[in-house]
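The values are calculated or read from the model by the stated rules, or taken from the named source; none is laboratory data. Since we're looking at a predicted model, the values are computed, not measured. Note: ideal-geometry Cβ built from the backbone for every residue, glycine included; neighbour counts use all protein chains shown. Calculation scope for accessible area: heavy atoms of the full protein, side chains included, ligands and nucleic acids excluded. Shrake-Rupley method; radii C 1.70, N 1.55, O 1.52, S 1.80 Å.
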Amino acid sequence: MGNGHPSPEAGLSTREAEGRLRKLGPPSETSSRSTSSIVAGNVFTLFNLIIGIFFVLDLGLGLYADSIFGLIAVVNSYIGIRQELKAKATLDELAVLVAPHARVLRDGSEVELISTEVVPGDVIQVGPGDQLVADGEVVSSRGMTLDESMLTGEADGIQKGEGDRVLSGSFCVSGSGHYLVDAVREQSYAGRLAGEARTFRHPPSPLQEEVNRVILAATYVMLPLAAILILSLGVRSVGLQSAAQTATAGLVTLIPEGLVLLMSVTFAVAAVRLAKRDTLVQQMSATESLAAVDTICVDKTGTLTAGELRLTAVEFADGIDPDAGAAALGRFAASAGDRNKTLETIAERFPGKAGRISGEVPFSSEWKWSGIALANGGSGASTYVLGAPDILAESGALTLPPRLAKKLEKETAAGRRVVAFGQSGEALPSDPAASGAPRLTPLALVVLEETLRPDAAETIAIMREQEVDLKLISGDAAATVTAVAFAVGVPREAGVIEGPDLPDDPEQLAKAAVENTIFCRIKPEQKKALVGALVAAGRYVAMIGDGVNDVPALKRARMAVSMGSGTQVTKGVADVVLLEDQFSRLPEAVGEGRRIARNIHRLGRLYLTKTVYAAALILLVAVPGFAFPFLPRHLTVAAFLTIGIPSFVLALLPSDGPLYRGRLLRALAAFAVPAGVATALASILSFFLVDTVAGESLAAGRTAATTTLIVLGLCFILLLERGPGREHIAIQSNMLAMVAALGAVFAGILALPPLRDFFDMVLLSAPEWFLALFSAAVGLTIASLMWKLPQIERLEVPADA
């Protein structure tokens, strides 16, 4: 390469490619990331396979009625897949809006194309924030500097000159230029790497990890129980048909198969719901990951403010003719190759004609100024610099006269952005990061004003109500940033720290990041370090950005959020994109994520209770060889009424329960172990009282046990929200209505002979009803006593409480 930097194509392993392409992906794969997150890590498939085995075994033995449970699992799988595919179709339509685009020169005119429309031979124009969508060779450059960290791991930007090679996957951080395309899509460098790293998958969300632990625990319980049960059946020489019935009734009930299914469906429904609110979820599990967010880092520009600049005033230095100064400003803005919003605003106010450039330093967040050298015929060159006055003053390049210094203080205190414009007889440095700006004669101060987003103050208030910590990180001066922060409701006592004052020690940096709220004069690497320090301190950090300088921090955060008007690369690395730039959508998304998490936690109690009582039944009844109190069809109707229908309803109803972050299995066990053990004991008692004590038929005993199981199951549905410290929570009226309706359905099954015969049940007499309900009352008493045990309460209540 012409600039002496090694080619990133050399010596990069597949493992490195996987890591560096983690959030990149080919430009056309925005929607495919959603697909992979739907499919990846779905433990549910394993359990459906187990159910399918029993389903086939039952059909082979002619036990068609007993196979309903397996059939329901298959139908549930179909419903879940259909729901997820519909969600994907909706997201695909929105994904086109954020796919990388390229400005291509064809037939002498500039056209904007999506990445898939670019072909070899096209000439692409590149500016700050543009992601390169194809490989090629630079044909012109005006300080074009590329970030190739996604490809090489090299954090520093690399300046590209004519003849240098550029690769897809990198993006422009400053300057501008053109390159000739010679490789696209699969033939490009990033495309080849993506092909080698196809096995990479996004890591699961916190809830997915916790639910996987729950299912893994159920597996650990199921496998030894299955071995014990099969061994017991073999020792007793039980017939194949009877063994299949017992195994189906016992083992299948252990599987919380609907929990993962409903989690996937809930993610899909939430993604579609957010899409209708102009929030694009590029990773399906991100809807739930938002629930874990406890810290949000935002940039001032483009997040709290609308990102639009208005030039309010220009204060010229003493002795500077306003007309000449305005002409110099207009010429500078027209000639600069890096046309950011500041220059565009100046150019709009002071139109000028571009001059011949003999040297240029594009603007960078690293040094916070830009400069050009304009050729003056045979009289040399005039050097002009536009940048942050405090940074230029600190470096010794600029000294403001008293009148301009007072103007700077007044305008920054009012929350306005002020840039200094100066002239120098010195040349521009070849390395601005190391040398700094040349010595300047001040010409003017340009005052710019940003418009606050109308929803910013309300959004921050909502975030504080939800106990989400706000970190405002900006590259602007302290006076400007604090004025904006206080205007949107950040408390005036909030901690403020500037970039030069940040400690280098990781522990001290983490302490400063946690204790302070407003961070000023922050460089991109410092922003990344602050986000990393918060993550290291145990915070679940969401970073919101829109500019190229936000990319390192976005990649370091646990949740990356981009504005829809952000740069291509910003949207490319984001998990969530706020399409209409509405900051207020973020608290809504966090609330949606927390609703999902609470509902899944509530469903987890329900499904784990089923697992516990099934395990208890196997140990207490099946293994010793006693008559099993249920047939598979009895468990089918019980699961339908106490698990199937309620779980779909509960997945959509609001929940008042707590969020169990990092302790889901313990918290679920605190409810499910007492409820499951009590259900098993009560069912056995009901079966024993009717079948043995009362001397009724086996069918009557099993009907009584099924009745007790369903009554207890419906009661526990009403108690799902309860727990230590939550005894005051009222039972929702719609929950009562649902339970009453399900109870009526069971009564209808018992009352109608065809249904009663199909499920192999009998009509209970009054004494048998009494014994069944008495057993249910005993079960509730046992569960209540167990819930009050200190050992059980400690499982749910956090250790620090």
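Some points to look at:
- In segment 319-357, the residues that are aromatic (F, W, Y) and either open to solvent by 60 Å² or more (accessible area, probe 1.4 Å) or in contact with a Gly (Cβ under 6 Å, 6 or more places away or on another chain) (or both): F350
- Of all residues assigned to segment 479-488, none qualifies as being open to solvent by 10 Å² or more (accessible area, probe 1.4 Å), in contact with a helix residue (DSSP H, G or I) (Cβ under 7 Å, 6 or more places away or on another chain), in a loop (DSSP other than H, G, I, E, B) and not β-branched (V, I, T).
- Residue check, R403 basic (K, R) and under 41 Å from the mean Cα position of the chain (by Cα): no
- Selection count, segment 779-801, where residues are part of a helix (DSSP H, G or I) and either over 27 Å from V693 (Cβ atoms) or open to solvent by 40 Å² or more (accessible area, probe 1.4 Å) (or both): 14
- Restricting attention to segment 726-762, the residues that are hydrophobic (A, V, I, L, M, F, W, C), assigned to a loop (DSSP other than H, G, I, E, B) and either more than 16 Å from A704 (Cβ to Cβ) or modelled with pLDDT of 90 or more (or both) total 6.
- Only residues that are surrounded by 15 or more Cβ atoms within 10 Å (Cβ to Cβ) and either free of Cβ contacts under 8 Å to residues at least 60 places away in the same chain or in contact with a Pro (Cβ under 6 Å, 6 or more places away or on another chain) (or both) were counted in segment 756-773, giving 1.
- Any hit, segment 568-575, residues being out of contact with any Ser or Thr (no Cβ under 6 Å at 6 or more places or on another chain) and under 30 Å from A461 (Cβ atoms): yes
- Cβ-Cβ contacts under 7 Å between residues 6 or more apart (or on different chains), taken from a first residue in segment 308-322 that is over 12 Å from A444 (Cβ atoms) to a second residue that is open to solvent by 40 Å² or more (accessible area, probe 1.4 Å) and among the charged types (D, E, K, R), are listed as L309/K341; R310/E449; T312/R416; T312/E449.
- Pair list, Cβ under 6 Å, 6 or more apart: segment 729-749 residue open to solvent by less than 50 Å² (accessible area, probe 1.4 Å), other residue assigned to a loop (DSSP other than H, G, I, E, B): I729/D656; I729/E721
- Residue in segment 545-558 that is more than 28 Å from V281 (Cβ to Cβ) and in a loop (DSSP other than H, G, I, E, B) present: no
- Residue pairs meeting the criteria (Cβ under 9 Å; at least 6 apart or on separate chains; first within 15 Å of S168 (Cα to Cα) and open to solvent by 60 Å² or more (accessible area, probe 1.4 Å), in segment 102-120; second of a type in the set (G, A, S) and assigned to a loop (DSSP other than H, G, I, E, B)): R103/G127; T116/A99
- Of all residues in segment 314-354, those satisfying the criterion of being among the aliphatic types (A, V, I, L, M) and more than 21 Å from T301 (Cβ to Cβ) are A317, I320, A324, A326, A327, A328, L329, A334, A354.
- Cβ pairs under 7 Å, 6+ apart, first in segment 368-381 and over 30 Å from R521 (Cβ atoms) and surrounded by 14 or more Cβ atoms within 10 Å (Cβ to Cβ), second of a type in the set (S, T, Y) and modelled with pLDDT of 90 or more: none
- I460 satisfies every condition listed in (1) buried (at least 17 other Cβ atoms within 10 Å of the Cβ); (2) among the hydrophobic types (A, V, I, L, M, F, W, C); (3) assigned to a loop (DSSP other than H, G, I, E, B) except (3).
- Some residue of segment 252-271 being modelled with pLDDT of 70 or more, among the charged types (D, E, K, R) and open to solvent by 10 Å² or more (accessible area, probe 1.4 Å): no
- Just one residue in the set E507, E525, E493 is assigned to a loop (DSSP other than H, G, I, E, B) and either in contact (Cβ under 8 Å) with a residue 24 or more places away in the chain or open to solvent by 50 Å² or more (accessible area, probe 1.4 Å) (or both); that residue is E493.
Listed here are the residues, each with its yes/no results for (1) part of a helix (DSSP H, G or I); (2) open to solvent by less than 10 Å² (accessible area, probe 1.4 Å); (3) at pLDDT below 80; (4) under 25 Å from V612 (Cβ atoms).
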| residue | (1), (2), (3), (4) |
| --- | --- |
| P203 | no, no, yes, no |
| I215 | yes, yes, yes, yes |
| A226 | yes, no, yes, yes |
| A244 | yes, yes, yes, yes |
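- Matching residues, segment 401-414, being at pLDDT 90 or above, under 24 Å from A347 (Cβ atoms) and either surrounded by 22 or more Cβ atoms within 10 Å (Cβ to Cβ) or in contact with a Pro (Cβ under 9 Å, 6 or more places away or on another chain) (or both): L404, L408
- Any hit, segment 415-424, residues being open to solvent by 20 Å² or more (accessible area, probe 1.4 Å) and over 26 Å from T305 (Cβ atoms): yes
- Neighbours by Cβ (under 6 Å, 6+ apart or cross-chain): first from segment 547-564, open to solvent by less than 10 Å² (accessible area, probe 1.4 Å) and among the polar types (S, T, N, Q); second modelled with pLDDT of 80 or more and not in a loop (DSSP other than H, G, I, E, B): S562/V577
- Residue count for segment 536-546, restricted to those that are open to solvent by 30 Å² or more (accessible area, probe 1.4 Å), under 19 Å from E467 (Cα atoms) and aliphatic (A, V, I, L, M): 1.
- Filtered residues of segment 576-601 (kept if open to solvent by less than 10 Å² (accessible area, probe 1.4 Å) and not in a helix (DSSP H, G or I)): V576, V577, L578, F583
- Restricting segment 173-185 to residues that are closer than 13 Å to V138 by Cα and of a type in the set (A, V, I, L, M, F, W, C), the residue that is surrounded by the fewest Cβ atoms within 10 Å (Cβ to Cβ) is L180.
- One residue stands out among those in segment 433-449 that are under 37 Å from the mean Cα position of the chain (by Cα) and not small (G, A, S): the one that is least open to solvent (accessible area, probe 1.4 Å), which is L448.
- Any hit, segment 572-587, residues being modelled with pLDDT of 80 or more, more than 16 Å from the chain's Cα centre (by Cα) and of a type in the set (A, V, I, L, M, F, W, C): no
- Test: V531 is crowded, with 24+ Cβ neighbours inside 10 Å, in contact (Cβ under 8 Å) with a residue 60 or more places away in the chain and in contact with a helix residue (DSSP H, G or I) (Cβ under 9 Å, 6 or more places away or on another chain): yes
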